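The values are calculated or read from the model by the stated rules, or taken from the named source; none is laboratory data. Fair warning: this is a prediction, and the values are worked out from it, not measured in the lab. In this analysis, Cβ positions are derived from the backbone assuming ideal geometry, glycine residues included, and neighbour counts consider all displayed protein chains. Just the protein is used for accessible areas: all its heavy atoms, side chains included, with ligands, DNA and RNA removed. Shrake-Rupley method; radii C 1.70, N 1.55, O 1.52, S 1.80 Å.
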Amino acid sequence: MFELIKRASLSVLSFMTALLLTVPLLTVSVPAHAEQGKVAEREMTQLAGTEFWQNVRAGEEGYTTSQFPEHGVLISTPGQTWYILKEKWMSPAGAVAIFGSIAFVTLMYIVIGPLMLSAPRTGRKVKRWSRLDRALHWSMAFTFLTLAFSGLMLVYGKHFLKPYIPTDLWGFIIMLAKQYHNYIGPIFGVLLVCVLLKWWRKSIFKKVDFVWFMKLGGMVGKHKGSHPSAEFSNAGEKALFWLLIIVGAVVAASGLILDFPIFGQTRRDMELSNLVHMLAALVLICGFVFHIYIGLFGMEGALEGMVTGEVDETWAKEHHDLWYEEVKAEQANQGETVAKKDEVKGAKPNEQTS
């Protein structure tokens, strides 16, 4: 019995010794094979990933589950053309155009100077703009200028402001500019329709306007004889009006396409709309640089009418003589009508007395 137990103990001890000697060999050999498998798997994954991203970047189809019209393409390679046109061409050209317009009107002020009245003011006022006219004008002016400022911030802010302020402040400013531009933009379109309906009749070109253009609106001289004849709106104001309506309509339409990308617009549609929106907005900004110059600095008495609604008789006769004659003729007719009514009222009591 003791011998049996001894033999069993030796067998167990031998088995344990063999096991202890075998396990290290397994732990050495298994990781080696596992590591080789992992390396091979990693190489295959890298190869597949490289091929995957090569296909994605090349604009190959079948790498997205989107159901958009361009659902088969994850990355649009032609978008690089849009980026180059926007950042490398239009942005620098726009900056040159804006600063060039400002430099030009500054040169006009230095060389030609403001267009002053050639005769003293009479102190008698002529009604030119109603409250509705002025409210519409200043609403459009405020909306346009703030949209222009926010739009320029979106395009040029990263060059002129971002490097000089904290990152958090820059993020807040650019977010505010983007939201303001998106939500106020449609209001510009509504105001544009109101402006068209209100003033289109006064902005139809006539023969007298071509003479005004030939004399540059009197900018070439400072005497009364140099002022060309004009109606309620002169040729320059009419040209600016139609510039606002036509180019403004392009700005509003392209802006709505960008504002609401939920009607099947493709990336090509959005890129084209963005370029058209930028170009049309820059044309308007440059045009209104001249309008602001004339109103604030280039012509004596030009701003008064849109602030108070009235202009001096001297200003009306020199800059809008045809309109001034119509106003005086209308006042004369009204005076005759009132006089006749007074005569009729005065005659009736006499008739009753007799």
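Brief remarks on what is shown
- Residue count for the stretch 105-114, restricted to those that are surrounded by 12 or more Cβ atoms within 10 Å (Cβ to Cβ) and at negative phi: 6
- Residues that are polar (S, T, N, Q) and more than 31 Å from the chain's Cα centre (by Cα) were ranked within the stretch 115-160; the one that is surrounded by the fewest Cβ atoms within 10 Å (Cβ to Cβ) is THR122.
- Top-ranked residue in the stretch 302-337 [being among the small types (Gly, Ala, Ser) and under 30 Å from the mean Cα position of the chain (by Cα); ranked as modelled with the lowest pLDDT]: ALA302
- Qualifying positions in the stretch 315-337 - small (Gly, Ala, Ser) and open to solvent by less than 10 Å² (accessible area, probe 1.4 Å): ALA316
- Residue selected from the stretch 283-314 under the condition touching a Pro at 6+ places or on another chain (Cβ under 9 Å) and either basic (Lys, Arg) or not in a helix (DSSP H, G or I) (or both), by the criterion least open to solvent (accessible area, probe 1.4 Å): MET299
- So LYS198, is it open to solvent by 80 Å² or more (accessible area, probe 1.4 Å) and within 20 Å of ALA235 (Cα to Cα): no
- Restricting attention to the stretch 170-229 and to residues that are at pLDDT 90 or above, within 30 Å of LYS317 (Cβ to Cβ) and basic (Lys, Arg), the residue that is nearest to the chain's Cα centre (by Cα) turns out to be LYS198.
- Here ASP168 meets the list (1) free of Cβ contacts under 8 Å to residues at least 24 places away in the same chain; (2) surrounded by 15 or more Cβ atoms within 10 Å (Cβ to Cβ) almost entirely, failing just condition (2).
- Flag for ALA280 being more than 24 Å from ILE75 (Cα to Cα) and open to solvent by 20 Å² or more (accessible area, probe 1.4 Å): no
- Boolean, VAL208 is over 29 Å from ALA253 (Cα atoms), in a helix (DSSP H, G or I) and touching a residue at least 24 places away in the same chain (Cβ under 8 Å): yes
- In the stretch 136-151, the residues that are of a type in the set (Phe, Trp, Tyr) reach residues that are surrounded by 16 or more Cβ atoms within 10 Å (Cβ to Cβ) and modelled with pLDDT of 95 or more with C-beta atoms within less than 7 angstrom, at least six apart or across chains, in these pairs: PHE144/PHE188.
This table checks each residue for (1) open to solvent by less than 50 Å² (accessible area, probe 1.4 Å); (2) closer than 30 Å to LYS317 by Cβ; (3) touching a residue at least 12 places away in the same chain (Cβ under 8 Å); (4) part of a loop (DSSP other than H, G, I, E, B).
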residue: GLY236; (1), (2), (3), (4): yes, yes, yes, no
residue: TRP242; (1), (2), (3), (4): no, yes, yes, no
residue: ILE245; (1), (2), (3), (4): yes, yes, yes, no
residue: PHE263; (1), (2), (3), (4): no, no, no, yes
residue: GLU271; (1), (2), (3), (4): yes, no, yes, no
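- Where ILE173 falls short, out of the listed (1) in contact (Cβ under 8 Å) with a residue 12 or more places away in the chain; (2) in contact with a Ser or Thr (Cβ under 9 Å, 6 or more places away or on another chain); (3) assigned to a helix (DSSP H, G or I): (2)
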